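Enquirer: Pasting a structure below so you can have a look.
The values are calculated or read from the model by the stated rules, or taken from the named source; none is laboratory data. Predicted model only: the values in this text are computed from it and were never measured. Because the Cβ atoms are built from the backbone with ideal geometry, glycine has one as well, and the counts that use them run over all protein chains shown.
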Amino acid sequence: MPRYSYIAKPQPDRTTEGYIEADSEQEAINKLSHLGYFIVSLTSEEPSLSAPGLFSFPQVSNRQIVLFTRQLSTLLESGVNILKSLMIISGQTRNNSFRAVLNDIISKIKDGAALSDSLQAYPKIFSGLYSSLVRTGEASGNINKSLSRLADFLESEEEFRNSLRSSLIYPFFILSVGIITVIVLLVFVIPRLVAMFEDMGQVLPLPTLILINISSFLNSYWWLILTALLGSVFFLRRVYRTPAGKMYLDRSKLNAALFGPIIMKSEIARLMRTLSLLFSSGLPIITSLEIAATIVQNQVLKNELQGFKEQITSGTSLSVCFNNSQLFPEFVRSIITIGEETGKLDSAFLRIAMDYEKDVDRITKSLVRLIEPVIILILGLVVGFIVISMLLPIFQINLMVR
């Protein structure tokens, strides 16, 4: 159905804006007039976020979604109705893209749509997990509790991601600065010294000749190197979009010697925290696995969950599914078996998630402590080779003068 953006006056001293769905412009005018709005402007428009691309950035951050969920939960718990709560949050939101989305959701609710259905119109912002839990809260009459659980879940995920990012920032910074330094030396400094050495007409040492050849290659074929890098990124993105390519690359990530265990434990931690939230919200096993499969990013794990769903449909218990799987470690299988026997699967999932998140944090920090001196050593050797190669001809000149 076409969507129209409007600016209208519900009262003489107040202006509001938003989106409304209608089959025609006249129908949109009639709907707004029926609401008691005096229309200032009406434009056929579809509010949307930019499609993800190579150099695009998300317009609505995870932190904004966490803050929105917490605010909405607090307002509903205080007795404010959904429509008024959304209007309050929209008025306080500085992000224009997110405010447009919230105004559109407000318009849909005014037209009689449920909050969960309105959220489903923006799957890039509100995941299937998000809208499903809101729908469960609407059905049970405890939407504020569902939103509170969801806010806790999103905050935990955000803290986990921030912990990983903060651990990797420093080594990445060192590596970036080192690479930029080497490129500047090879592309801008070395060519000027080469001209000086050529004027002297002396035989250059082997390290200096190697350095000059590397510098000449970079200056002559930088465009070829850049094209090869961009082509590789484009090729990998295209391959990753195919089912077979995504499966191969995701399996390769899990089997990687150094980072494979970290990726695997991160994915399992995210999966277990998601299942814990879904089970504690009262969703059935099949529905929980379907939603969890949409949240998991690794295709290998996603296929495993699809297999679990088919096995459970045919009468197999969840613990048997995990025990028959070769993908999950013994620790995970044991805790889930105990959780199913005691009837506390949600607590079992949460226990696994918390243990694995701590484990990933510990391994990452240990790995970073190992990687940092290695990076510094390698960059030091490279820069040292460049400096020595530049100074050797000067030392030769000094010896000849003496």
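Enquirer: Before we move on, is residue 315 in the same structural domain as residue 248 (by TED's automatic domain parsing), at positive phi and surrounded by fewer than 17 Cβ atoms within 10 Å (Cβ to Cβ)?
Expert: Yes.
Enquirer: Within the range 213-222, identify whether any single residue is in contact with a helix residue (DSSP H, G or I) (Cβ under 6 Å, 6 or more places away or on another chain), farther than 30 Å from residue 326 by Cα and either outside the structural domain of residue 394 (by TED's automatic domain parsing) or free of Cβ contacts under 8 Å to residues at least 24 places away in the same chain (or both), and answer yes or no.
Expert: The answer is no; no qualifying residue exists.
Enquirer: If only one of 106, 125 is in contact with a strand residue (DSSP E or B) (Cβ under 7 Å, 6 or more places away or on another chain) and modelled with pLDDT of 85 or more, which one is it?
Expert: 106
Enquirer: If you don't mind, another one. Inside the range 295-402, counting only helices (runs of 4 or more DSSP H) that do not spill past its ends, which hold 3 or more residues that are modelled with pLDDT under 85 and under 23 Å from the mean Cα position of the chain (by Cα)?
Expert: Passing ranges: none, list empty.
Enquirer: Right, next: Select the helices (runs of 4 or more DSSP H) contained entirely in the range 92-196, then report the ones holding at least 2 residues which are surrounded by 17 or more Cβ atoms within 10 Å (Cβ to Cβ) and in contact with a Phe, Trp or Tyr (Cβ under 8 Å, 6 or more places away or on another chain).
Expert: 96-110
Enquirer: Identify the single condition in (1) at pLDDT below 70; (2) part of a helix (DSSP H, G or I) that residue 76 does not satisfy, given that it satisfies every other one.
Expert: Every condition holds for residue 76 apart from (1).
Enquirer: Ok, one more. Restricting the range 1-38 to residues that are touching a Phe, Trp or Tyr at 6+ places or on another chain (Cβ under 6 Å) and assigned to a strand (DSSP E or B), which is modelled with the highest pLDDT?
Expert: Out of the qualifying residues, it is 8.
Enquirer: Kindly establish whether residue 84 is surrounded by fewer than 16 Cβ atoms within 10 Å (Cβ to Cβ), over 25 Å from residue 156 (Cβ atoms) and among the basic types (Lys, Arg).
Expert: Spelling it out, residue 84 is indeed surrounded by fewer than 16 Cβ atoms within 10 Å (Cβ to Cβ), over 25 Å from residue 156 (Cβ atoms) and among the basic types (Lys, Arg).
Enquirer: Another question, if that's okay. Only one of 150, 168, 133, 154 is among the hydrophobic types (A, V, I, L, M, F, W, C), within 23 Å of the chain's Cα centre (by Cα) and modelled with pLDDT under 85. Can you tell me which?
Expert: Only one candidate qualifies: 168.
Enquirer: Helices (runs of 4 or more DSSP H) wholly in the range 202-285 with at least 1 residues that are at pLDDT 90 or above and closer than 30 Å to residue 152 by Cα - which ones?
Expert: Answer list for the range 202-285: 260-280.
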